[in-house]
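The structure appears below as structure tokens.
The values are calculated or read from the model by the stated rules, or taken from the named source; none is laboratory data. Because the structure is a prediction, the values reported are computed rather than measured. Cβ: placed from backbone, ideal geometry, glycine included. Neighbour counts: every protein chain shown. The area values use the complete protein model at the heavy-atom level, side chains included, leaving out ligands, DNA and RNA. Shrake-Rupley method; radii C 1.70, N 1.55, O 1.52, S 1.80 Å.
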Amino acid sequence: MEDKYGKKFKEDVILEIREEYESIYDKLPYIGGDKNPLTSDLIGAAENLAFYIVLKKHGKTLKEIGELTYQAQKILFDEHPEMVPPLTNPEFIPYIKYAAQVSKEKMFPGDWVYEFIEGNGEFDFGTYFYECGIQKLYHKYDADEFTPYLCAMDILMSECGNLGLHRTETLAEGGNRCNFHYKAERETKIANTVIKKD
């Protein structure tokens, strides 16, 4: 923000963003706490949502806000690659399979619902999401237009963790599901409408 809009702008809005985040955080839906691996995703989405709400109020465009949040996430992964979950580690896969099965019970309205897809040679495994906690949260705040930028951050996660994610559709961009296919070490290929790679 400081590079783009100057130090004064950053200092003026940073407190507003923190206050907005605290307000959103206090109202976050409970989706299982530490027992749900996606709770941290929901909290991270709330941070980005606060940024979006405040900067939009200050007249910044969706494209400006989205690209700023995307670049911030890139810096975060570059500096802390350990934040990328070890999705392609064979020891982690049974846990993903179990979590997907639990999600189908729909215990929490604000949660994700997804299924585990066995690998077929072209990919190691997949997950198909039919309900998205981030999409639900952003819809509540009339921030649907911002959701595809959160989907785009999966590009960064896959590249940082060498996850080889291929995805052709998302719920936020009009698809019937979000179709994740992982294969360690291959090139990331994600269809996305908001972030254009060089």
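Per the conditions (1) out of contact with any Leu (no Cβ under 6 Å at 6 or more places or on another chain); (2) farther than 14 Å from Asn36 by Cα; (3) in a loop (DSSP other than H, G, I, E, B); (4) modelled with pLDDT under 95, the sole criterion not satisfied by Glu82 is (3).
Do we have Gly126 as in contact with a His (Cβ under 7 Å, 6 or more places away or on another chain) and buried (at least 18 other Cβ atoms within 10 Å of the Cβ) here? Yes; evaluated as a whole, the condition is true for this residue. Out of all the residues in the stretch 157-177, which are open to solvent by 10 Å² or more (accessible area, probe 1.4 Å), of a type in the set (A, V, I, L, M, F, W, C) and either in contact with a Cys (Cβ under 9 Å, 6 or more places away or on another chain) or more than 18 Å from Leu42 (Cβ to Cβ) (or both)? Residues satisfying the conditions are Cys160, Leu171, Ala172. Looking at the structure I just gave you, is Gly66 small (Gly, Ala, Ser), at pLDDT 95 or above, surrounded by 12 or more Cβ atoms within 10 Å (Cβ to Cβ) and part of a helix (DSSP H, G or I)? Here the answer is yes, as Gly66 does meet what is asked. For the stretch 65-123, a residue qualifies if it is touching a Pro at 6+ places or on another chain (Cβ under 7 Å) and either closer than 30 Å to Leu55 by Cα or of a type in the set (Lys, Arg) (or both), and the qualifying residues are Pro109, Gly110. Scan the stretch 139-150 and tell me whether some residue there is farther than 21 Å from Leu28 by Cα, at pLDDT 95 or above and open to solvent by less than 70 Å² (accessible area, probe 1.4 Å). Checked the stretch 139-150: no residue is farther than 21 Å from Leu28 by Cα, at pLDDT 95 or above and open to solvent by less than 70 Å² (accessible area, probe 1.4 Å).
Lys74 meets the conditions (1) without any contact (Cβ under 8 Å) to a residue 24 or more places away in the chain; (2) open to solvent by 70 Å² or more (accessible area, probe 1.4 Å); (3) not hydroxyl-bearing (Ser, Thr, Tyr) in every case but one. The failed one is (1). The set of residues in the stretch 148-180 that are charged (D, E, K, R) and in contact with a strand residue (DSSP E or B) (Cβ under 8 Å, 6 or more places away or on another chain) comprises Asp154, Arg167, Glu169, Arg177. Considering the conditions (1) among the aliphatic types (A, V, I, L, M); (2) more than 25 Å from Val102 (Cβ to Cβ); (3) part of a loop (DSSP other than H, G, I, E, B), Ala50 is excluded by exactly one of them, (3). Hey, does the stretch 37-48 have a residue that's among the acidic types (Asp, Glu) and surrounded by fewer than 16 Cβ atoms within 10 Å (Cβ to Cβ)? Scanning the stretch 37-48 turns up no residue that is among the acidic types (Asp, Glu) and surrounded by fewer than 16 Cβ atoms within 10 Å (Cβ to Cβ).
Of the helices (runs of 4 or more DSSP H) lying entirely inside the stretch 86-198, those containing at least 2 residues that are touching a helix residue (DSSP H, G or I) at 6+ places or on another chain (Cβ under 6 Å) and not charged (D, E, K, R) span 133-140, 147-161.
Quick check on Glu145: is it closer than 20 Å to Leu76 by Cβ, acidic (Asp, Glu) and out of contact with any strand residue (DSSP E or B) (no Cβ under 9 Å at 6 or more places or on another chain)? So Glu145 fails the test.
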